[in-house]
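To start, the structure under review is shown below, and the notes come after it.
Coordinate-derived values only; no laboratory data. Fair warning: this is a prediction, and the values are worked out from it, not measured in the lab. As a convention, Cβ positions derive from the backbone with ideal geometry for all residues, glycine included, and neighbour counts pool all protein chains shown.
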């Protein structure tokens, strides 16, 4: 095993789950027990330690541990207020009421038509100031004449 492989950190996965209050209290009790032994431990470390114990357990012990854990309804727990509202509504759901509920007649509201908004432009103070100056092509300097080639004689350049 090389030093590079030892230096790599394991990839972490974030997850959430539902746990009964009594088992959550057991996590807190185990944390307190670890502190009493002089070791600080996190919840995730306790859960991982439990997984390591299950991995090392023989088949009979593993089966017994799994059978001792009651199955839970999956998902997030429902708040107490929501449960009370559902309980109050439940007896009336599915039953037809004796008298139909009268509805208010719908009134169609007319929406006012808005006039288009126009913005007035400020008058130009000086129209000549807004005109872009014309380009002056004639003011360009002419390109310098090409220098004579070294093979050319002064007579050749005079003739040209």
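Gain on full extension, evaluated as 0.36 nm per residue between residue 9 and residue 72 minus their Cα-Cα distance, stands at 19.3 nm. Ordered by the number of other Cβ atoms lying within 10 Å of each residue's own Cβ, fewest first, 69, 41 fall into the sequence 69, 41.
Counting every other Cβ atom within 10 Å of each residue's Cβ, 89, 27 order from fewest to most as 89, 27.
For the Cα trace of the stretch 13-89, dividing Rg by the Kirkwood Rh returns an Rg/Rh value of 1.09. Multiplying the residue separation of residue 17 and residue 56 by 0.36 nm and removing their Cα-Cα distance gives an extension gain of 11.7 nm.
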